[in-house]
């Protein structure tokens with residue numbers, strides 16, 4: 001018969017190991033490694049939370065079928081069927097693929113927003129707002145083209 005005391009001790013020891021193994025999916029690179037793999041604008045957006053100028057991004061008016069991936073780590077973030085024209089100047093999506101986005105409170109520029117980051121590489125993508133299409137999710141993921149790559 002298994003002693004409950006041993007099960008409790010084993011469980012307490014196992015919990016930190018489970019947490020560590022779940023974080024193994026994170027991509028960690030040095031600044032030099034990021035600069036070697038990203039163009040200048042993508043580096044500034046993904047690593048320094050810059051924002052590209054509105055209406056200038058490659059994917060603003062792009063509506064092919066496929067998926068939008070993080071340009072930093074290639075993790076799939078958005079499906080093309082969730083992209084819509086919001087007239088805000090950046091690619092807009094009404095939902096992200098579950099578990100692929102990290103949400104961070106952002107108080108920069110004297111306002112409160114919710115920053116969205118790639119859950120794998122922590123790259124800055126943009127922000128999410130509650131002014132999206134009411135007939136779907138009501139969300140508008142306002143994303144920098146420089147943070148994305150497209151696969152069809």
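Read-outs: derived from the displayed coordinates by stated rules, not from any lab. The structure displayed is predicted, hence computed values, not measured ones. Note that we place each Cβ from the backbone using ideal geometry, even for glycine, and neighbour counts take in every protein chain shown.
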Rounded to the nearest Å, the spacing of the alpha-carbon centers of segment 40-59 and segment 95-122 is 15 Å
Which length gain, in nm to one decimal place, applies between residue 80 and residue 56 when the Cα-Cα distance is subtracted from 0.36 nm times their residue separation? 6.7 nm
In whole percent, what relative contact order does segment 53-152 give with Cα contacts below 8 Å and a gap of six or more residues? 30 percent
Here, segment 27-70 modelled as identical Cα point scatterers in vacuum has Debye log10 I(q)/I(0) at q = 0.16, 0.25, 0.27 Å⁻¹ of -0.55, -0.99, -1.05
Cα-based shape type of segment 39-152, given that a ≥ b ≥ c are square roots of the gyration tensor eigenvalues and the cut on a/c is 1.5: rounded
Segment 105-151 - Rg over Rh from alpha carbon coordinates, Kirkwood radius: 1.01
Normalised per residue, the volume of the convex hull around the Cα set of segment 76-123 (Å³): 96 Å³
Using 7 Å Cα-to-Cβ label points, what is the residue 40/residue 111 separation (nm, one decimal)? 2.7 nm
With a point put 7 Å past each Cα toward its Cβ, work out how far residue 27 is from residue 129 in nm, to one decimal. 2.8 nm
